[in-house]
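Worksheet for the structure shown next.
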Amino acid sequence: MEILLKAKNLSKEYVKTTGFFSRTRVSIKALDNMTINIKKGITLAVVGESGSGKSTLAKSLIRLVELDRGTITFKDKNLRKINGEDLKQTRKNIQMVFQDPYASLNPRMKILNIMEEPLKIHDLGSSETQYSKILSMIKKVGLDEQDLSKYPHQFSGGQRQRIGIARALILEPELVICDEPVSALDVSVQAQIIQLLKSLQKEFGLTYLFITHDLRIVRHIANEVIVMKDGKLMEQGKTDIIFRNPKTKYTKELLASIPGNLSKRK
């Protein structure tokens, strides 16, 4: 299977200052020599507790976080070395769906303008073709033409996340990084968004990097899983194998913590 993105030996360290009278600087390794490959057309889930480095990994892949060390190769381009138009075009092919569907949408912009913005930045099409594309995409995520004239606050959390997904897909990316995209939503709405992501993946041939702390969701969406702890890769493999036969104590503890999982009662 073709590898779409290769990330090798990624390292990122933050320095935290603690104490009031006696200031102490503490180094925190958000990424500690992480290596992952994302295969084309699949969903790769990255799981771990809060603070495990999942979001730092996601943001580093589109250079929202600059790494200390490591290489990221997307379609034979080293993402850490390109700039200008090269970086702009590569970012067009790697889009992100964020955790908070309200914070990630400009509250002062109508949905039409939010959807237009990436098309205008990349100078894609005329006003007419842009509107046609926006209308088609907003309908694919389950909203209507009349919704384009509304503002983000007029929608529920699930609807706002649908808008965030539509905005991410409007540029026709190959890789979509989903950073905890359903963690802020009710359980019933989570299921709807997961189903939407799966149907869009099938329709457009998308590749997903799915960041989550919730292993219940992983089972429903991911082909493969990476388990992280303290910036390190603990375990990786096909989803059914990880669930059936976890190798590390940490993965076993994560699985045992799933609500309703009988293994935690043993």
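A few points about this structure:
- Residue match in the stretch 42-54 (condition: more than 19 Å from the chain's Cα centre (by Cα) and surrounded by fewer than 14 Cβ atoms within 10 Å (Cβ to Cβ)): no
- Annotation for the stretch 165-180: at least one member residue is under 21 Å from the mean Cα position of the chain (by Cα) and among the basic types (Lys, Arg).
- Residues in the stretch 79-95 that are more than 20 Å from the chain's Cα centre (by Cα) and not β-branched (Val, Ile, Thr): 81, 83, 84, 85, 86.
- Picking from residues in the stretch 67-95 that are surrounded by fewer than 14 Cβ atoms within 10 Å (Cβ to Cβ), without any contact (Cβ under 8 Å) to a residue 40 or more places away in the chain and of a type outside the set (Lys, Arg), the one that is nearest to residue 230 (Cα to Cα) is 78.
- One residue stands out in the stretch 103-120 among those that are among the hydrophobic types (A, V, I, L, M, F, W, C) and within 21 Å of residue 144 (Cβ to Cβ): the one that is surrounded by the fewest Cβ atoms within 10 Å (Cβ to Cβ), namely 109.
- Residue check, residue 17 hydroxyl-bearing (Ser, Thr, Tyr) and loosely packed, with under 10 Cβ neighbours inside 10 Å: yes
- Test result for residue 124, surrounded by fewer than 17 Cβ atoms within 10 Å (Cβ to Cβ) and under 30 Å from residue 77 (Cα atoms): yes
- Yes/no for residue 112 being outside any strand (DSSP E or B), touching a residue at least 12 places away in the same chain (Cβ under 8 Å), over 29 Å from residue 246 (Cβ atoms) and more than 19 Å from the chain's Cα centre (by Cα): yes
- The set of residues in the stretch 20-36 being surrounded by fewer than 16 Cβ atoms within 10 Å (Cβ to Cβ) and closer than 26 Å to residue 197 by Cα consists of 35 alone.
- The single residue among 124, 135 that is among the hydrophobic types (A, V, I, L, M, F, W, C), more than 30 Å from residue 46 (Cα to Cα), touching a helix residue (DSSP H, G or I) at 6+ places or on another chain (Cβ under 8 Å) and without any contact (Cβ under 8 Å) to a residue 24 or more places away in the chain turns out to be 135.
- Residue 193 vs. criteria farther than 28 Å from residue 3 by Cα and either within 19 Å of the chain's Cα centre (by Cα) or in contact (Cβ under 8 Å) with a residue 12 or more places away in the chain (or both): no
- Test: residue in the stretch 179-190 that is small (Gly, Ala, Ser), touching a His at 6+ places or on another chain (Cβ under 9 Å), under 29 Å from residue 93 (Cβ atoms) and not in a strand (DSSP E or B): yes
- Meeting the requirement of 1 or more residues that are out of contact with any Lys or Arg (no Cβ under 8 Å at 6 or more places or on another chain) and surrounded by fewer than 14 Cβ atoms within 10 Å (Cβ to Cβ), the strands (runs of 3 or more DSSP E) wholly within the stretch 191-265 are 232-238.
The numbers here are math on the coordinates, done by the rules we state, and not lab data. Because the structure is a prediction, the values reported are computed rather than measured. Neighbour counts run over all protein chains shown; Cβ positions are idealised from the backbone, glycine included.
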